[in-house]
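The values are calculated or read from the model by the stated rules, or taken from the named source; none is laboratory data. Fair warning: this is a prediction, and the values are worked out from it, not measured in the lab. Cβ: placed from backbone, ideal geometry, glycine included. Neighbour counts: every protein chain shown. For the accessible areas, the whole protein counts, side chains as well, though only heavy atoms, and no ligand, DNA or RNA atoms are used. Shrake-Rupley method; radii C 1.70, N 1.55, O 1.52, S 1.80 Å.
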Amino acid sequence: MKCERLAPLPTAVVYPGSEPALRGAVAAERAGLIEPVLVGPARQIRALAAVHGLDISRCRLVDVEHAKEAAEAAARLARDGEVGALMKGSLHTDELMGAVVRKDNALRTAARISHVFVMQVPTYARTLLITDAAINISPSLEDKVHIVQNAIHLAQALGVDRPRVAILSAVETINPRIPSTLEAAVLCKMAERGQITGGVLDGPLAFDNAISAEAARTKGIESPVAGQADILLVPDLVAGNLLVKQFAFVANADAAGIVLGAKLPVILSSRADSLRSRLTSCAIAALLAEARRAAA
């Protein structure tokens, strides 16, 4: 595993007030992926660990009573360089992300904040990165420039030197009545001009053409991306959310999630995530943090 050579990543686990959240942090610590700093009500966390037989003796605790305060405390730990990642516990996503984007916490970069699902689909030969299905509801063209660039950087951190990006729409031809087809054409031209770097972009592509070379050939599409996409850029959050859940619940895909665009990785686990998914998300954060250190 690529993470075996890495030191555990100091990670603020924000408000781990549920058994899955706390178990995920403990399991990731045991696997050598993270060095957890548990930020939340210390008495409640200790009681939860005792009830479920979880050993938190090696975890630092930062005693904060409420979820919103825990998010702010974790963001300050990140700002001060005490942790290299944030991990969502049992608080709302907007509470955590609100602390991340607050100007005085100094965690923003010039990039737009975006989310990537990293998925292993049994019927597809490559690891798929799907973006953005969690944060940007209806992204503009400018937003999509940041979203796709963030995803390219993540794919490179995961070992894909020049990831192939399929820009999805309902059809594979440009239709002025379908804005996502126009945006796909512009994004491809921006990549040609060096305004998006590090990847090979093609679009608009319908979903079948993006993941099936045979479907592309049937439609007469010549594409360096069709059938071998590493990244799927979805038109909007609704389309992305539906796609991710179809992969997970119909195709039995494994999924992990990470927030990009901040100065450090943010692991955005959901309540329904399995332990395997939480561990994979921690591994992705560790690889991303290491890639950023190497680049710096």
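Laid out as a table, the results:
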{"item": "Extreme residue, most open to solvent (accessible area, probe 1.4 Å), among residues of the stretch 205-230 that are more than 21 Å from the chain's Cα centre (by Cα) and either closer than 21 Å to Q149 by Cβ or among the basic types (K, R) (or both)", "result": "R217"}
{"item": "Index of the failed condition, A99 passing every other in (1) surrounded by fewer than 18 Cβ atoms within 10 Å (Cβ to Cβ); (2) closer than 30 Å to S140 by Cβ; (3) among the small types (G, A, S)", "result": "(1)"}
{"item": "Per-region count, the stretch 170-200, residues aliphatic (A, V, I, L, M) and more than 16 Å from E142 (Cα to Cα)", "result": "5"}
{"item": "Strands (runs of 3 or more DSSP E) (entirely within the stretch 1-89) containing at least 3 residues that are under 20 Å from S270 (Cα atoms)", "result": "9-14, 34-40, 85-88"}
{"item": "D94 without any contact (Cβ under 8 Å) to a residue 12 or more places away in the chain, closer than 22 Å to I258 by Cβ and not in a loop (DSSP other than H, G, I, E, B)", "result": "yes"}
{"item": "Options R162, R112; residue that is touching a strand residue (DSSP E or B) at 6+ places or on another chain (Cβ under 7 Å), part of a loop (DSSP other than H, G, I, E, B) and open to solvent by 60 Å² or more (accessible area, probe 1.4 Å)", "result": "R162"}
{"item": "Single match in L91, L61, L9, L86 (criterion: in contact with a strand residue (DSSP E or B) (Cβ under 7 Å, 6 or more places away or on another chain), at pLDDT below 95, at negative phi and of a type in the set (A, V, I, L, M, F, W, C))", "result": "L91"}
{"item": "Check on A74, among the small types (G, A, S), more than 13 Å from Y15 (Cα to Cα) and either modelled with pLDDT of 95 or more or surrounded by 21 or more Cβ atoms within 10 Å (Cβ to Cβ) (or both)", "result": "no"}
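Every residue, every condition in (1) open to solvent by less than 50 Å² (accessible area, probe 1.4 Å); (2) over 16 Å from the mean Cα position of the chain (by Cα); (3) touching a residue at least 60 places away in the same chain (Cβ under 8 Å), yes or no:
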residue	(1), (2), (3)
I178	yes, yes, no
A184	yes, yes, no
L187	yes, yes, no
A191	yes, yes, no
L232	yes, no, yes
Q246	no, yes, no
L260	yes, no, yes
L268	yes, no, yes
S274	no, no, no
